[in-house]
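Asker: Sharing a structure below in structure tokens format, with a few things to ask.
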Amino acid sequence: MINSRRKGRANAIVEGKKSIGLVARETPTGAYSDGSCAERFASVPYDVFLGRPRPSHPLRSANRVGWERMRKIVKATVINIAAKVRKIMSGNLTAATRLYGLVQEAGFHVASGPEPRVALLRSFGISCVLDVGANRGQFGRSLRLAGYHGKIVSFEPVNKPYQQLTEIAKHDDQWSAVQLALGDRDEKGTIHVSSSSVFSSLLTQTKYCIDNYPTEAKVTADQVVTVKRLDDVFRDYVGVGDEVLLKIDTQGFERAVLDGARAVLSEIRGVQLEISFKALYEGESTAVDMIERLSADGFTLILLEPVLHRHMLESRKVAQADALFLRLQ
């Protein structure tokens, strides 16, 4: 359990869906730790789990023995708690319902077993994530907390979220932040910056977007940014032998990003897109079009998860989902 002093910090670094697995089991060693909540929490640096990014330190190697001892203590403690909670829940439906309700009210999602996305990435050996449209680094943080320890390269062109992104990434030796937009050509583009930065886009908003999200999507400024093709920068960040996941969340500009990656797409193992059921931006390709496009490129849709921002739930209008596509063996 997170005490009251730690709760605020934990909530500050975990945005969106937070997941606790209640199955205690061992997982093989490697770049991931995704079996149970015990394995996931124990694999995340203790100070990061409590809300403080662990800074680089010259004495880190000297403290490795102490850190490993702490990790084992934390892991054993959480395994013990998970086992006891599971026993209580299996024997008392009333207590289980009450516990689930309390945890969900606190903003956590309760699930048994591994977090599906990271389990799939681990199975396919993903070692490098290209995070296009990173915003403040929410996707990267969710991967870290779920047990992914590999390389992350986050691309974010808008000034304010990029500054927030760099503050997080600078504490992580395996996480790079790049202030750049990706598209289908090299050019200067104008991003329409919204009051909620997750709505900022190189495209113009549709009437549906303006009518349904008038506050969050309101454009407050324009920013000129550099746009490049992934084909031209891929080798700068991807090493020989890397298994790559390309994540794209660019507010309607996803097709342009894919069009700018034609030469390297065959070297990419998986693609995660934010797809739209209703077009929020002029010229945006909707869900059916993007699924057909990636199927033609040799990818299979494996996982589909609705994007449930609070404003979408309150209006009962779920307009988008995160879709994970993989090249199957």
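Any read-out appearing in this document is the output of simple, stated calculations on the displayed coordinates, not a laboratory observation. Bear in mind the structure is a predicted one, so any value in this text is a computation, not a measurement. Methodologically, a virtual Cβ is constructed for each residue, glycine included, from the backbone with ideal geometry; neighbour enumeration extends over all protein chains shown.
Asker: Give me, ordered by chain and number, the residues 5 or more places off residue 205 or on other chains with an amide H under 5 Å from its own placed amide H.
Answerer: Residues meeting the criterion, in which the H sits 1.01 Å from N, are 282.
Asker: Continuing with this model, one more query. Among 79-85, 229-235, what's the highest-first ranking by average C-beta atoms within 10 angstrom per residue? Provide the component values of the computation, followed by the final result.
Answerer: On the way: 79-85: 15.7, 229-235: 17.6.
Ranked by mean Cβ neighbours within 10 Å, highest first: 229-235, 79-85.
Asker: Tell me, what ³J(HN,Hα) does each residue in the range 320-328 have, in order and in whole Hz, if you take phi through Karplus 6.51 cos²θ - 1.76 cosθ + 1.60 with θ = phi - 60° and put x for Gly and Pro?
Answerer: Karplus-based 3J(HN,Hα) across the range 320-328 equals 9, 8, 8, 10, 9, 10, 10, 7, 7 Hz.
Asker: On a full-extension model of 0.36 nm per residue, what is the gain between residue 95 and residue 195, subtracting their alpha-carbon distance, rounded to one decimal in nm?
Answerer: Residue separation times 0.36 nm, minus the Cα-Cα distance, leaves 31.8 nm.
Asker: Give the long-range amide H neighbours of residue 200: residues separated by 5 or more places, or on another chain, with amide H under 5 Å away, using H modelled in the peptide plane at 1.01 Å from N.
Answerer: 194
Asker: Now for a different question. Treating only the Cβ atoms of Lys and Arg (+1) and Asp and Glu (-1) as charged, compute the dipole magnitude of the range 116-326 about its Cα centre; round to the nearest 20 debye. Walk me through the numbers before you get to the answer.
Answerer: Working: 24 positive and 29 negative charges, 94 e Å.
Value, rounded to 20: 440 debye.
Asker: Still on this model: Order by neighbour count: 156, 292, 284, 105, fewest other Cβ atoms within 10 Å first, most last.
Answerer: Fewest-to-most Cβ neighbours within 10 Å comes out as 105, 292, 284, 156.
Asker: Take every DSSP beta bridge with both residues inside the range 214-329 and express the antiparallel ones as a percent of the total, to the nearest 5.
Answerer: Of those bridges, close to 70 percent are antiparallel.
Asker: I've got another one for you. Which whole-Hz ³J(HN,Hα) couplings does the range 230-238 yield from phi under the Karplus relation 6.51 cos²θ - 1.76 cosθ + 1.60, θ = phi - 60°, glycine and proline marked x?
Answerer: 3J(HN,Hα) across the range 230-238, in whole Hz: 4, 3, 8, 10, 3, 5, 6, 10, 10.
Asker: Please list, ordered by chain and number, the residues whose modelled amide H lies under 5 Å from the amide H of residue 303; skip anything fewer than 5 residues away on the same chain.
Answerer: So residue 303 has HN proximity to 324.
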